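Trainee: Below is one structure. I have some questions about it.
We did not get these values from a lab; they are worked out from the coordinates using the rules stated. All figures in this text were calculated on a predicted structure; none of them were measured in a lab. Positions of Cβ are generated from backbone atoms using ideal geometry, with glycine treated the same way; all protein chains shown enter the neighbour counts.
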Amino acid sequence: MTVRIIDAARILTGHGTAHTPGSIVIDGAMIGWVGRTADLPPEWVQLARERVELAEATLLPGLIDAHVHLAFDCGFRPPDKFDDLARTAVADTIRAATTAATRSGVTTVRDMGAPRYIDADTLPANIGPRVLTSTIPLTVPGGQAQSLGGVVATVADVERVIAENARRGAAWIKAVVTGGRSSGGRFSPYEPQFTDELLRAIVTTAHHHNLPVAALAHGTAGIRQAVEIGVDSLEYCTWMAPGGFDVDHGLIREIAARRIAVCPIVDQHARTSARLPWRHRRDHLRTMLTAGIPLLPGTDSGTALTPHGGLGQALTVYTDLGLTPATILELATRQAATTLGIGHLTGTLTPGLAADILAVPGNPTQNLHTLTAPVVVVTAGHLQRLGTKRNKLRLNGVRGSTPTVTGV
């Protein structure tokens, strides 16, 4: 096993504690030790092949983007045009997307749907973020995302598609409960696509395979249907209605009581969105937070004008909700991991968990914009040194590596 040590000005563990200055030991793919530099056990120093000094940086858990589309290239291509692309072209898009995510400090993503010929086999198996894939989303004939291959019209269809998704390595099942902005079909964002029978079959079958269900739901009627039938997360949850919004406060209380997570899709353009005016969306999100609904940061990266790797910038928007930078960091690390069911793997800097680590200049609890300029990213023990002209932190390699200066 390769042992590395990173020393930094401060370490934010994700447990609400900080070590200043601190050190972390990377033992293969795992975290071996974390604490104050002065307390670093000498045996780890003797084992280390490399010691990286980040005298002005902060180490924190890698970020988690809970809603991405790795197979989408951020263009305006409608979903029904994916058939025009070769499988290799889409695989290349996935590789580029995972690279962009990693370089931005995102070490885990939840992929929320890809073309029907994309499955877990096309994901990079080496260096890159952890991918929780939902493989093929389920929809109805003529509905949103129908071209991705998950059209279901009967309970038998539901059982077949979910079984195949499970076989291909799905970590989640996505149900497209309402239409959306790229529907191209007969369903609007304001109305449900599924009958109660079909959606109930989706939830029951997914849970039979021990898979949680993420429901894309814009309009209030679709949100209500998804909550009553028992989904595990709501994507968007925009409370849209013809001519405006229809926020159901009783339903918000029900979502909170059932601990259903909401991934509201806040990206770097949220403040300037014409479709979802931020003053309304901001108030909706504040209401849901106040009610106790768990929020999952997600960007919908890969869709039009939403590049992969933009979570760091998007997280700055959450300050408009009255959240402190420290709370926002926890939303995108420890709390996201717990909500997604992977808190035993990642989300905090804890010995025995995966070495998913982000190093940024300065102190992100004082300035979240530091997240947009990472200097080191570690994914399951794979260390990548990054550098920009804005950021010239020294990376001093010790015991077997050549000293390196980034940012030149």
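Trainee: Skipping prolines and chain starts, which residues have an amide H placed within reach, meaning under 5 Å, of the one on GLY35, given they are 5 or more residues away or on another chain?
Mentor: Counting only residues 5 or more places away or on other chains, the set is SER23.
Trainee: May I ask for the angle, rounded to the nearest 10°, between helix 155-167 and the longest principal axis of the chain, with both axes built from Cα atoms and the value confined to 0 to 90°?
Mentor: 10 degrees
Trainee: Using alpha-carbon pairs under 8 Å, 6+ residues apart, how would you state the relative contact order of region 151-233 in percent?
Mentor: After rounding, I find 33 percent.
Trainee: Could you check which residue among VAL176, VAL106, VAL161 shows the biggest mean-square fluctuation in a GNM of the chain with a 10 Å Cα cutoff?
Mentor: Fluctuation is largest for VAL161.
Trainee: Any chance you could run the full-extension gain for ALA29 through ARG95? It's 0.36 nm times the residue separation minus the Cα-Cα distance, nm to one decimal.
Mentor: 21.7 nm
Trainee: Then there's this: Read phi for every residue in region 134-143 and hand back ³J(HN,Hα) as whole Hz from Karplus 6.51 cos²θ - 1.76 cosθ + 1.60, θ = phi - 60°, with x for Gly and Pro.
Mentor: For region 134-143, the Karplus-derived couplings read 9, 6, 9, x, 8, 8, 10, x, x, x Hz, x marking Gly and Pro.
Trainee: Right, next: If contacts are Cα pairs under 8 angstrom and at least 6 residues apart, what is the relative contact order of the chain in percent?
Mentor: It comes to 20 percent, rounded to a whole number.
Trainee: Let me ask you something else. For region 63-339, build the charge dipole from Cβ charges (+1 Lys, Arg; -1 Asp, Glu) around the Cα centre, then report which of THR303, ALA89, GLN225 sits farthest towards its positive end.
Mentor: THR303
Trainee: Sticking with this structure for a sec: Report the extension gain between ASP248 and HIS269 in nm, rounded to one decimal, defined as 0.36 nm multiplied by the number of residues separating them, less their alpha carbon distance.
Mentor: Gain on stretching ASP248 to HIS269: 5.0 nm.
Trainee: Kindly rank 286-292, 37-43 from highest to lowest mean number of other beta carbons found within 10 Å of each residue.
Mentor: Highest to lowest by the protection proxy: 286-292, 37-43.
Trainee: Can I ask one more? Give, rounded to the nearest 20 debye, the magnitude of the charge dipole that region 63-339 has about its Cα centre when Lys and Arg contribute +1 at Cβ and Asp and Glu contribute -1 at Cβ.
Mentor: 460 debye
Trainee: Could you work out which residue, out of LEU305, LEU199, LEU383, moves most in a Gaussian network model of the chain, that is, has the largest mean-square fluctuation with Cα springs under 10 Å?
Mentor: Highest fluctuation among the options: LEU305.
Trainee: Net charge within 13 Å of LEU60 by Cβ-Cβ distance, Lys/Arg positive one each and Asp/Glu negative one each, not counting LEU60 itself?
Mentor: Every neighbour counted, the sum reads 0.
Trainee: Sort ARG51, ARG253 so the one with the fewest other Cβ atoms within 10 Å of its own Cβ comes first.
Mentor: Ranked by crowding around the Cβ, least crowded first: ARG253, ARG51.
Trainee: Still on this structure, please answer the following. What whole-number distance in Å separates the alpha-carbon centres of region 246-262 and region 201-229?
Mentor: Taking the Cα centre of each part, region 246-262 and region 201-229 sit 14 Å apart.
Trainee: Output the antiparallel fraction of DSSP beta bridges having both residues in the chain, as a percent to the nearest 5.
Mentor: 50 percent
Trainee: Note the angle between two axes, namely the Cα long axis of helix 278-291 and the longest principal axis of the Cα atoms of the chain, as a number of degrees from 0 to 90, rounded to the nearest 10.
Mentor: On a 0 to 90 degree scale, this one is about 80.
Trainee: If r is the Cβ-Cβ distance from ARG103 to GLU228 and R0 is 60 Å, what FRET efficiency results, to the nearest 0.05?
Mentor: 0.90
Trainee: Please compute the Cα-Cα pair-distance distribution of region 63-339 with 10 Å bins starting at 0, giving whole percents from short to long.
Mentor: Computed distribution, short to long bins: 7, 32, 39, 20, 2.
Trainee: Next up: Angle between the Cα long axis of helix 196-208 and the longest principal axis of the chain, 0 to 90 degrees, nearest 10?
Mentor: Once rounded, one gets 30 degrees.
Trainee: Quick one: if you stick a label point 7 Å off each Cα along the C-beta vector at VAL45 and HIS208, how many nm between them?
Mentor: 6.0 nm
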